[in-house]
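In what follows, a single structure is set out as structure tokens and then discussed.
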Amino acid sequence: MEMERGLRIGSVFLVMAFLLAGLSIGVFGASYNMSVKIDLDKQTIQGYEDVTCTPSGGHLYFLLLANLNREQNPYESDRSIDSIYPSGFEPSSTTIDSVETVQSGSSGAVSFRLLSIPPAWQTYSLDKTVLAVDLLGDAKVTLRVHFTTHVPRMASGDQGIYQGVLTWRFGWNPILLPPDQAWKEKDGTLQPPTKDFPLEIPAADYAAQITVPADVTLACGADHSDPTASSDKDTKDVTYHVSNDAPVRTIAIAASKDYKRFSLDDLSIPIEVYYLPGHDETARLFATYADDILKNYVKRYGAYPRTRLTIVENPNQQGLSMAADGIVWLSDLFFSHRNVTLPGMLNRLSEFVLAHEIAHQWWGIGIGVDLNAQNWLSEGMAQYLSITYFEGKYGEFGPNLFDT
């Protein structure tokens, strides 16, 4: 029995060693430099992105993820809609205002088209979900895409505003599809290069200047985020200069007038927690949990892929927790209900969920997966890391989370 268990563990580590060796999978030669402003009152993210890459075949395609929820699904019940949209259905959308080439300080307008995606994706809105830009050649180019993303009020925890908190992980900006692939257009629809083409968000070099009003705090998943107050006293804005030391899949953001910040800056991996009022003690507790988890993972699985870790309280009431590059969100329930039944009743559950989400920095985020066919691998390996950490700390049997 022990030998079989040892063989299983050995097999797991062989798979992990092979996959960890491929952390650069999904990276292609593109860079983003974005300049946007977040307006919580207007519910918009507006600005432009400069995307530098080498096209193939005279075309570039960008995925407009926000447009997947541009229309209300008439087949969903009113109860289902109301549970997600407390104020009634509101569309999310990314509107392309203009596209231009940028070279040596000058720019020139470029024509663009909007395409649909195939119905293989499980979503109701398919139209206007791809931006197509036609170019004259295959030389390296910098495109400036001016866009406005409308952020709906919704309680799902992501891609929306809820209780004054804006949260958006992937796709608040147009995402360049790999230009070296044989994309095909048919009847106004962009067809993938192959039938089994993976649904994976590719990593690229990302930097941004994100401007918010002075009374709004911005949390983002990035290696560096340095706020600078505007010199214009009339605007009272703050611009966050965001950059990364290595390719990422997104710059995930959260913004609110209510966020407070706690940080442990002197650690080998700095940790910061953005939390809502009244949750100071829990923020400090979760920061210490994260430090323990990171030390364990680095020792067992190799270097943490990012420069710092950001933990954010998310106001969703479903218990949803999630991750993106350098950032994890924990549901407000872990902050507000930790001591409801008994003092510390949810401490271990919170630690386990945090361990799972941090594990995604190695699996699913660090190592990309086909979200359509292989997400089980991301979730399964993150679960393996978190359970192994948990049992190592509290024991495999007895009064731990899994055996009470």
Per-residue HN-Hα couplings for segment 232-238, Karplus 6.51 cos²θ - 1.76 cosθ + 1.60 at θ = phi - 60°, whole Hz, x for Gly and Pro? 7, 5, 6, 7, 6, 9, 10
What percent of all Cα-Cα pairs in the chain falls in each 10 Å bin, counting up from 0? 4, 21, 31, 26, 14, 3, 1, 0
Based only on Cα atoms, what Rg/Rh ratio does segment 146-253 have, Rh being taken as Kirkwood's radius? 1.05
Grab the beta carbon distance between V298 and D370, set R0 = 22 Å, and tell me the FRET efficiency rounded to 0.05. 0.25
Summing -39500 (n - 2.57) over every DSSP H run of at least 4 in the chain, dividing by its residue total and rounding to the nearest 500, the 222 nm mean residue ellipticity is -7000 deg cm²/dmol
Relative to the compact globular guide of 2.2 N^0.38 Å, what is the alpha carbon radius of gyration of segment 286-399, as a ratio? 1.05
Tell me, what is the percent relative contact order of segment 155-290, built from C-alpha pairs under 8 Å that lie six or more residues apart? 23 percent
What is the distance in Å between the Cα centres of segment 152-174 and segment 175-244? 14 Å
Expected output is a single nm value to one decimal: the length gained when fully extending between H224 and T142, i.e. 0.36 nm times separation in residues minus the C-alpha distance. What is it? 27.2 nm
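Taking every pair of alpha-carbon atoms in segment 300-364, give the share separated by more than 13 Å as a whole percent.
On the way: 1320 of 2080 pairs.
That tail contains 63 percent of the Cα-Cα pairs.
No lab work stands behind these numbers, since they all come straight from the coordinates. Please read all numbers here as calculations on a predicted model, not as lab measurements. Every residue, glycine among them, receives a Cβ derived from its backbone with ideal geometry; neighbour counts consider all protein chains shown.
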